[in-house]
1. Pick out the one residue from A135, A192 that is under 26 Å from G21 (Cβ atoms) and within 13 Å of the ligand (Cβ to nearest atom).
2. Filter the range 35-51 for residues that are in a helix (DSSP H, G or I) and of a type in the set (A, V, I, L, M); which is surrounded by the most Cβ atoms within 10 Å (Cβ to Cβ)?
3. On the given criteria, is G158 away from the ligand (no atom under 11 Å from the Cβ) and touching a residue at least 40 places away in the same chain (Cβ under 8 Å)?
4. Go over the candidates R85, R105, R111 one by one and state the one that is at pLDDT 95 or above and of a type in the set (D, E, K, R).
5. So, in the range 4-34, how many residues would count as being at pLDDT below 90, within 13 Å of the ligand (Cβ to nearest atom) and surrounded by fewer than 18 Cβ atoms within 10 Å (Cβ to Cβ)?
6. Considering only the range 81-101, state which residues are away from the ligand (no atom under 15 Å from the Cβ), in a strand (DSSP E or B) and not aliphatic (A, V, I, L, M).
7. Of the conditions (1) in contact with a helix residue (DSSP H, G or I) (Cβ under 9 Å, 6 or more places away or on another chain); (2) more than 15 Å from the ligand (Cβ to nearest atom); (3) hydrophobic (A, V, I, L, M, F, W, C); (4) farther than 25 Å from R78 by Cβ, L148 fails just one. Which one is it?
8. Tell me yes or no: at least one residue of the range 197-204 is of a type outside the set (S, T, N, Q) and over 15 Å from L38 (Cα atoms).
Amino acid sequence: MVRKDIPTGGDAVDTCPSCVGPMFDRIAPTYDLLNHLLSAGRDYSWRRKVTAQLRGREALHIIDLATGTGDLLISLLRGGPNATRAVGVDISESMLGICRKKLQRRGLADRVDLVRADASATSLPGGSFDVVTMAFGIRNTADAAATLAEIHRLLKPGGMALILEFSLPDGGVVRWCYLKYLRWVVPRIGVAVSGDRYAYRYLDKSIEGFYRPQAFRSLMQKAGFREVSAVPLTFGVASIYRGMK
Ligand SMILES: C[S@@+](CC[C@H](N)C(=O)[O-])C[C@H]1O[C@@H](n2cnc3c(N)ncnc32)[C@H](O)[C@@H]1O
């Protein structure tokens, strides 16, 4: 499905699961390296900030959608006694394969079930999780509203959604520099390291085409979340959205 609902800042990008899944299968071997390189290591601290939101809560049953190679899942499970069990969901078997190995190496595999599914329709039982997390995933799903509805369905009453996603700085020189970086630097480093010409052009288009923070907060409210908030990170290049069921 090609997104037409929001401006893309150029060509539209294809976010149907049958297109996005194979793309992540292709880039899985170099995903972690490029992730850390392109974000200059900021991604570690962004995920830690998501994990910090669980402080003071215990014995949580967590589901991490679009878990990818598992960095957020690992951060959540290592964050303390908060997360007892977790489920990781992803559409790409190759990303899940790398995630599985990382969990095994860290002795965390017995606390996690990995499931291959579309995050917007998981078929997992509703009302069964205390926390649903999703880092850099919702932008890739074909229908963000449907994914938010699924997140809401998966949560127990009183449960918390934490969504980490790229955003664009508000304006001025930071935004100008960041857009240059996204449009010119990211695709060139991306292709040099991963060998995939499409994936890192897709990254730019999907970030530029994603909802602005205010619009995404409204979408969360429409999906039924309350106490919705957005915290900008690193000049607004990413945001943590939080909502309660
Ligand atoms: C940019 S990666 C983020 C991975 C991980 N959450 C992280 O923070 O590094 C996006 C992930 O979303 C997955 N994905 C894309 N569309 C999906 C969908 N519809 N359902 C489930 N996973 C999806 C991809 O396979 C990929 O692993």
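The values are calculated or read from the model by the stated rules, or taken from the named source; none is laboratory data. Nothing here was measured: the structure is a model prediction, and the numbers come from that model. Quick reminder, even Gly has a Cβ in these numbers, built from the backbone with ideal geometry, and neighbours come from all protein chains shown.
1. The unique qualifying residue is A135.
2. Checking each candidate, the answer is V50.
3. Yes, satisfied.
4. Just a single option satisfies the conditions, and that option is R105.
5. The qualifying residues number 4.
6. Residues satisfying the conditions are T84, R85.
7. (2)
8. Scanning the range 197-204, I find at least one residue that is of a type outside the set (S, T, N, Q) and over 15 Å from L38 (Cα atoms), so the answer is yes.
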